[in-house]
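Remarks on the structure that follows.
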Amino acid sequence: MRLVQFLTPESERRVAVAEPDGVYLRIVARAQSVYDMARQAIEADVGLAGLVENHLTDELIDYTIIRDERRLLPPVDHPDTARWLVTGTGLTHLGSASARDEMHTALESDEPKSDSMRMFEWGLKGGKPSPGETGVQPEWFYKGDGRCVVAPGHALPLPKFADDGGEEAEVVGVYVIDDAGTPCRLGFALGNEFSDHVMERQNYLYLAHSKLRACAYGPELLVGELPGNVQGQVRLWRGNEVIWESPFASGEDNMSHALSNLEFHHFKYPNFRRPGDLHCHFFGTATLSFSADVETRPGDEFEISGENFGASLRNPMTAAAETTVPQVKVL
């Protein structure tokens, strides 16, 4: 089951299920928010998919029109953006260390390993622990709260202070914290983690700065388990021309960490188990146009598609409006 949120022409919210043909959406009765339905499922102690199925209608909507009119919303959002946390992990995929390492150092046989390569090797050795054991913790980063999330089809802003705006095609896990403080996974979505790789290349300690950018995920939420082998495609459009494209792979078969290990090392912190919060967690990638020496520019459009995820995630990049950074005022 794949869930979609969108706006009607009158700006009313709706929840729907993507039909297998990808042409139509089937409306869920009396539902305006996947978040609210998740809270209902938690309270009733039932699965989200089962709850949705019990409220499906016969009403079908043309999916193409909604996409073309840019009326899609993120597949899950929170009414309070401050309670909607966006985070992620890096160096989690087989091959991701080489892309990172090329940014940080040119490894020679007589050179010490970079911190990135050492952390990646830790993941290879201890990122998939046996049941009952604790695995090695991954690299972790913070993107922002819900204000940094851009809806599918809408523009990712490139800040004036940015050195670069590059895509990162990833899988995103979506979670709601129940009233007892237990993380409840709703499902997965395609994501564009959108980072500043030129800045990060200067020094890996700039990673945190490079991640404090907009991002996007969706347009569909895959309810249930993530396939072990996710195969996808990422493209960079400039006008009507694809100037770069590449396959990408995700899922545990292509990762150095188990999802359960990544989830444990995120939710082990009590601050991330506050009842009612929504968490969107990017799981990393090994494929970057930046690694292929592609220089993006405003007007380019990123497209990310993947098996099992339905419609592709497309977002153009635009130069952010000029803003004045306020000086700190002493009280």
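Structural remarks
- Rounded to the nearest 500, the 222 nm mean residue ellipticity of the chain from helices alone is -5000 deg cm²/dmol, with -39,500 (n - 2.57) taken per DSSP H run of at least 4 residues.
- Bridging of LYS128 to aspartates and glutamates at a Cα separation below 19 Å is possible for GLU139, GLU225, GLU252, ASP253, GLU263, once same-chain residues fewer than 8 apart are set aside.
- Label zone at GLU10, where the point sits 7 Å out along the Cα-to-Cβ direction: region 56-71 residues whose backbone N lies under 20 Å: 57-63, 65-67, 69-71
- Distance distribution note for region 150-302: the fraction of Cα pairs above 24 angstrom is 37%.
- Couplings for region 316-330, taken from phi via the Karplus curve 6.51 cos²θ - 1.76 cosθ + 1.60 with θ = phi - 60°, read x, 10, 10, 5, 5, 4, 5, 10, 8, 6, x, 6, 5, 9, 8 Hz in order; Gly and Pro are left as x.
- Listed residue pairs exceeding 32 Å between alpha carbons, taken from LYS125/LYS160; LYS268/LYS329; LYS113/LYS211; LYS160/LYS268: LYS125/LYS160; LYS268/LYS329; LYS160/LYS268
- Of all accessible heavy-atom area on the chain, the percent that carbon and sulfur account for (1.4 Å): 49
- Among 277-288, 9-20, sorting by the average number of other beta carbon atoms lying within 10 angstrom of each residue, highest first, gives 277-288, 9-20.
- Between SER130 and LEU94, full extension at 0.36 nm per residue minus the direct alpha carbon distance yields a gain of 11.0 nm.
- Comparing the chain with the 2.2 N^0.38 Å rule of thumb, its C-alpha radius of gyration ratio is 0.99 (two decimals).
- Taking amide H atoms as placed 1.01 Å from N in the peptide plane, the amide H of CYS184 lies under 5 Å from those of VAL176, ILE177, ASP178, each 5 or more residues away in sequence or on another chain.
- Signed unit charges on C-beta, dipole axis of region 204-331, positive-most listed residue GLY299, GLY224, ALA319: ALA319
- Inter-label distance for ARG147 and ARG70, nm, one decimal - labels placed 7 Å from Cα along Cα-to-Cβ: 2.1
- Computed lengthening from ALA292 to ASP80, 0.36 nm per intervening residue step minus Cα-Cα distance: 72.5 nm
- Computed from phi, the 3J(HN,Hα) profile of region 2-9 under the Karplus parametrisation 6.51, -1.76, 1.60 (θ = phi - 60°) reads 10, 9, 9, 10, 8, 9, 6, x Hz, with x in place of Gly and Pro.
- Listed residues GLY123, GLY239, GLY187, most fluctuating in the chain (Gaussian network, C-alpha, under 10 Å): GLY239
The values are calculated or read from the model by the stated rules, or taken from the named source; none is laboratory data. For clarity, every value in this text was computed on a predicted model and none was experimentally measured. Positions of Cβ are generated from backbone atoms using ideal geometry, with glycine treated the same way; all protein chains shown enter the neighbour counts. For accessibility, only protein heavy atoms count, side chains too; no ligands or nucleic acids. Shrake-Rupley method; radii C 1.70, N 1.55, O 1.52, S 1.80 Å.
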